[in-house]
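J.: The following block contains the structure, expressed as structure tokens.
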Amino acid sequence: MNHQFSCRNLFRNFGVSIITYAVGFGLVVASCHAQTKSTANKKASHMTPTTAKKQTTDASTDNEAVRPFRVTIPEGSLVDLRRRIAATRWPTKELVNDRSQGVQRVTLQALARYWTTEYDWRKAEAKLNALPQFLTKIDGVEIHFIHVRSRHENALPLIMTHGWPGSVIELLETVGPLTDPTKYGGTPADAFHLVLPSLPGYGFSGEPTDVGWESGRIARTWATLMERLGYTRYVAQGGDVGASVTDAMGRQAPKGLIGIHLSLLSGALGIADKLPATSEQERAAHKALATFRTSGFGYFLEQSTRPQTIGYSLLDSPVGLAGWLLDHDTDSYYKISRAFVDGKPVGNLTRQNIVDNITLYWLTGTGASAARWYWEFGQFLARAGGEAPPPVKVPVAFTTFPGEIWAAPRSWVETVYPGVAYFNEVDKGGHFAAWEEPKVFADELRAAFRSLR
């Protein structure tokens, strides 16, 4: 059966309540995003006044200009960060022996010790500045992006979108394998030209000064970015929020987009009653969905309803920010906790890499603005009617990683994306697949898009 699910399905499944749009995140709604109209000529982006944000050129430059960018954080901002960490008021220890009450104190205290005594932001700054970074204004917002062109002829352009609580930091280790595959076991025919934008309100991108920046609008922004860079034939990839944006791109099918790859079947939450539950794998996925509904979406509920409220804490307390960003999903939380408590990182989830991402949120002051995407999603779903979304108009590739919040079986993926062009299940990796297992992730993208070259 070819299911073309409308936004109404989400309301019918969960009731017209706040839980409806808190748990309905993703692909089905992203497809509806494609129907909203773009609003051009908005106000210029407002730069967060906390610490050094963006080094921009003269505001009189052409709006479509692509301008080089480098990260330069004043030392005073780092001194203030360490002072604030040291001044943290710690709550008493949780009353359970797991994460069921939230991020465990032993984990966060170990992270705070590392942050103030061993961590070096300048290493992250150097890693970012070693890559070509740029700013360009699209639809009134400054968009920060990394753009690495492969040295190999006929490389396929690829735009990858991060999610929350991530940033471009989580994608950095994939740059080498994707753009220079011959150094990582691939062939020149596997090469990509890579574009890694920071979502609006995240990292070094500007903060929108008007509402309406849901996934469909971001998808159109990415299409404009790729056109501005001169790419007339390209593919797109995303996980988490990035999966929503990438799905929207697939349904909008802008000129030049020839395929998409996803690693999270986020639309599954809105159509759980239509998903197969016969095999052991399918039943396990349903159990994971149920767990998320009952105890896994606290951050989602808060950010989709009151991002401004939690934002005050996120911009005032570095430790509070760290705790909020760590409390995402069980698999990644315990992997991250192992890195700090036991000194045993899993894959690329090292202490340095984890704190790089948290520190980026802190130094750019984007805890609140990043959270607003969830509110935008909630508002969109709350006012959405019963229109069926347009179908995805480009080939879809999907990889299931075993540690994902719910590891989607092929039958589920085919329910959401009939005729899926590529599907594979790998043996390691979780929600932050590109971050945790960059080699496995890169291998999947090579395989997923090989037929489109």
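The values are calculated or read from the model by the stated rules, or taken from the named source; none is laboratory data. For clarity, every value in this text was computed on a predicted model and none was experimentally measured. No Cβ is skipped: glycine too gets one built from the backbone with ideal geometry, and neighbour counts run over all protein chains shown.
J.: Would you confirm whether any residue within the range 410-421 is hydroxyl-bearing (Ser, Thr, Tyr) and buried (at least 22 other Cβ atoms within 10 Å of the Cβ)?
T.: Taking every residue of the range 410-421 in turn, at least one turns out to be hydroxyl-bearing (Ser, Thr, Tyr) and buried (at least 22 other Cβ atoms within 10 Å of the Cβ).
J.: Same structure again: From the list ARG251, ARG283, which one is over 26 Å from GLY367 (Cα atoms), out of contact with any helix residue (DSSP H, G or I) (no Cβ under 9 Å at 6 or more places or on another chain) and not in a strand (DSSP E or B)?
T.: ARG283
J.: Just to be sure I understand, how many residues within the range 425-436 are surrounded by fewer than 23 Cβ atoms within 10 Å (Cβ to Cβ) and part of a strand (DSSP E or B)?
T.: Adding up the residues that qualify gives 1.
J.: In the range 105-172, which strands (runs of 3 or more DSSP E) lie fully inside it and hold 1 or more residues that are within 28 Å of TYR333 (Cβ to Cβ)?
T.: Of the strands (runs of 3 or more DSSP E) lying wholly inside the range 105-172, those with at least 1 residues that are within 28 Å of TYR333 (Cβ to Cβ) span 141-148, 156-161.
J.: Separate question: Can you name the condition, by its number, that PHE401 falls short on among (1) under 26 Å from VAL235 (Cα atoms); (2) of a type outside the set (Gly, Ala, Ser); (3) not assigned by TED's automatic domain parsing to the domain that holds GLY216?
T.: (3)
J.: Same structure, new question: Have a look at LEU108, LEU135, LEU128, LEU78 and point out the one that is within 26 Å of the chain's Cα centre (by Cα), farther than 28 Å from GLY206 by Cα and touching a residue at least 40 places away in the same chain (Cβ under 8 Å).
T.: That would be LEU108, the only listed residue that is within 26 Å of the chain's Cα centre (by Cα), farther than 28 Å from GLY206 by Cα and touching a residue at least 40 places away in the same chain (Cβ under 8 Å).
J.: Looking at (1) of a type outside the set (Asp, Glu); (2) at pLDDT 95 or above; (3) surrounded by 24 or more Cβ atoms within 10 Å (Cβ to Cβ), which is the only condition GLY267 fails?
T.: Evaluating GLY267 over (1) of a type outside the set (Asp, Glu); (2) at pLDDT 95 or above; (3) surrounded by 24 or more Cβ atoms within 10 Å (Cβ to Cβ) leaves (2) as the failure.
J.: Would you pick out the residues in the range 147-184 that are surrounded by 21 or more Cβ atoms within 10 Å (Cβ to Cβ), more than 22 Å from ARG351 (Cβ to Cβ) and not hydroxyl-bearing (Ser, Thr, Tyr)?
T.: ALA155, LEU156, PRO157, LEU158, ILE159, MET160, PRO177, LEU178, PRO181
J.: Taking the range 389-423, which residues are aliphatic (A, V, I, L, M) and at pLDDT below 95?
T.: The answer is VAL416, and nothing else.
J.: Here is a follow-up. So, of the residues in the range 437-453 that are basic (Lys, Arg) and in a helix (DSSP H, G or I), which turns out to be farthest from PRO177 (Cα to Cα)?
T.: For the range 437-453, the residue satisfying everything is ARG450.
J.: On to the next question. Looking at (1) over 20 Å from PHE380 (Cα atoms); (2) surrounded by 24 or more Cβ atoms within 10 Å (Cβ to Cβ), find the lone condition where GLY230 falls short.
T.: (2)
J.: Also, quick follow-up: Taking the criterion of being at pLDDT 95 or above, closer than 22 Å to TRP435 by Cα and not polar (S, T, N, Q), would at least one residue in the range 207-220 satisfy it?
T.: Within the range 207-220, not a single residue is at pLDDT 95 or above, closer than 22 Å to TRP435 by Cα and not polar (S, T, N, Q).
J.: Considering each of THR221, THR209 in turn, give the residue that is in contact (Cβ under 8 Å) with a residue 40 or more places away in the chain, among the polar types (S, T, N, Q) and assigned to a loop (DSSP other than H, G, I, E, B).
T.: After applying the criteria, what remains is THR209.
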